[in-house]
Amino acid sequence: MELICPIDQRCSHQIAALLRPPSPPIVQEYFDQLISKRKCQGIKVKQNGDLGKGVFAETDFEEEQLIFKDEMLVGVQHPSNKIDCLVCSYCFKFIGSIEKQIGRKLYLKTIGIGNSSRNGCQSNSSDDEEDNHYVQNHHSSENGASSSSGSTIPLPMMAVESLMNGELALPYSNKFPLPSVVSCLGGCEEAFYCSKSCAEADWESSHCLLCTGEKSESCSRKALLKFIQHANETNDIFLLAAKAISFTILRYRKLKASHMSEQEKPASSILGTDLSLLLEAWKPISIGHKRRWWDCIALPDDIDASDEATFRREIQELAFTSLQLLKEAIFDKECELLFSLEIYGHIIGMFELNNLDLVVASPVEDYFLYIDDLPYPEKKEAEKITQPYLDALGEDYSNCCQGTAFFPLQSCMNHSCCPNAKAFKREEDRDGQATIIALRPICNGEEVTISYIDEDLSFEERQALLADYGFRCRCPRCLDEER
């Protein structure tokens, strides 16, 4: 049965206008302003012929030198990662304290969330409001400090609670200070922040529509909870798409209010959608390369080629279900174009093609490594207190914050199987920004490239993976190996 979206049928011309790629001068102006605003000196985004856009060096870079840091447009922590890491929902810095990070994780595991949720994400609550998350424990590490046993050793609940509630201070934890936890402005128990400024910035950019608290500005908190649950159970890329739509709606409202203020008219006096304002609000999303999600998603290894059409149909139906839930939760009549299946599919497809892993190293790992490196007398004394907690955490002690995000500048970087740069977090990079580092000396005027895949694979394997991105690599290495 064919999926029918009334908005797609009724507004096909306006939707086509939104999906039409911006002209090269508009793209150039946007990135010039973005680079200037972010003070990313030494790079420029240029049109690159058949390859679309590219990032080029405007100065010489040495090997291992920072090329630029890129703030995300939108990003989300994986719901399955929230048991491991309490981070700012806007900048993704770790928050609270070393004690709260360890105690919270052990508490959630002790009451059964860490174990039962291995078979699927679920919601649970505790006495601490920041523990009411969809969570799942799924990551491990092989290196660094080690527990005295291969498996975790449970601690008494009293010991866990005293750590989580700040009644117990671990030795040397003051050497790893973290920002205090700031609650969501809307009162939800899903978003927490490192500062009031981050809380306000997130609220104004998207969260006020996606908050499940009492002050939420969504149409229906109940519908919003259903949307979030569906995303957690299927694919959290829907949460990223919801942020993009909320971001655009709120930009449109601000632009319209400003436009009406200049004309000395109330915004409510203009009925219907102002397409030019919606196009302007949509601009940060319009810049990204897009294809419909169900057309560009890679075919899983366990799906036979003969079943590809069925698979892509099921992906489209999944997106349609998610869209209907989101529409019920945050629909805005003036921005109804954003709730068309065609637009929703292209937004998700943009993230599928351009997203970058969001990774922030854990200070808990740093803490236990610090204890492990202490001189013997101090180490022995400290481990009398810390070792039981390390044993209870097991290999999970080093779990980092993990998520996915869209980075405007990084998304312009082209692929090479012999790249001259990489996305890499240094010791000092402790938030969710993308960090691009030179792999070798880069000359002024040279294009800065990264690898989208594992470049150690064979030529055939690399080309097969890159086909999912819609191109065949013609970098010098591939041309040489092809010959």
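The values are calculated or read from the model by the stated rules, or taken from the named source; none is laboratory data. Computed from a predicted model, the values in this text were never measured in an experiment. Because the Cβ atoms are built from the backbone with ideal geometry, glycine has one as well, and the counts that use them run over all protein chains shown. Surface accessibility is based on the protein's heavy atoms, side chains included, excluding ligands, DNA and RNA. Shrake-Rupley method; radii C 1.70, N 1.55, O 1.52, S 1.80 Å.
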| field | Of the trypsin sites (Lys or Arg not before Pro) in the range 1-42, those whose Cβ has at most 15 other Cβ within 10 Å and which sit in DSSP loop | value | Lys39
| In sequence order, calculated HN-Hα J values of the range 173-190 (Karplus, 6.51, -1.76, 1.60; Hz; x Gly/Pro) | 5, 5, 7, 10, x, 10, x, 5, 7, 10, 6, 5, 5, x, x, 7, 10, 10
| remark: Under the helix-only model (-39500 (n - 2.57) for each DSSP H run of 4 or more, divided by the residues of the chain), the mean residue ellipticity at 222 nm, to 500 deg cm²/dmol, is -12500 deg cm²/dmol
| Which value, in debye to the nearest 20, describes the size of the charge dipole of the chain about its Cα centre when Lys and Arg Cβ atoms bear +1, Asp and Glu Cβ atoms bear -1, and nothing else is charged? | 1440 debye
| request: Kindly work out what percent of the DSSP beta bridges joining two residues of the chain are antiparallel, to the nearest 5. | output: 95 percent
| query | Out of these labelled values of P(r) over Cα pairs in 20 Å bins from 0, in percent, [x] 17, 31, 26, 16, 7, 2, 0; [y] 21, 53, 25, 1; [z] 19, 48, 29, 4, 0, which was calculated from the coordinates shown here? | reply | [y]
| note | The lysines whose Cα lies under 16 Å from the Cα of Lys425, excluding any fewer than 8 residues away in the same chain, are Lys69, Lys93
| message | Using DSSP to call loops (not H, G, I, E or B), can you name the GluC sites (Glu not before Pro) in the range 412-471 whose Cβ has at most 12 other Cβ atoms within 10 angstrom? | response | Glu427, Glu428
| Heavy-atom accessible area per residue - the range 28-113, 1.4 Å, Å² | 41 Å²
| task | Can you list which of the trypsin sites (Lys or Arg not before Pro) found in the range 160-259 are DSSP loop residues with at most 12 other C-beta atoms within 10 Å? | result | Lys215
| note | When the charge dipole of the range 230-367 is computed with +1 at the Cβ of Lys and Arg and -1 at the Cβ of Asp and Glu, the Cα pointing farthest to the positive end, of Asn354, Ile315, His259, is that of His259
| field | With every protein chain in place, the chain: carbon and sulfur % of accessible area (1.4 Å) | value | 49 percent
| task | Compute the accessible area per residue over the range 325-409, keeping the other protein chains in place, probe 1.4 Å, unit Å². | result | 33 Å²
| message | Beyond a 23 Å Cα-Cα separation, which of these cross-linked pairs lie in this structure: Lys175/Lys379; Lys100/Lys243; Lys39/Lys82? | response | Lys100/Lys243; Lys39/Lys82
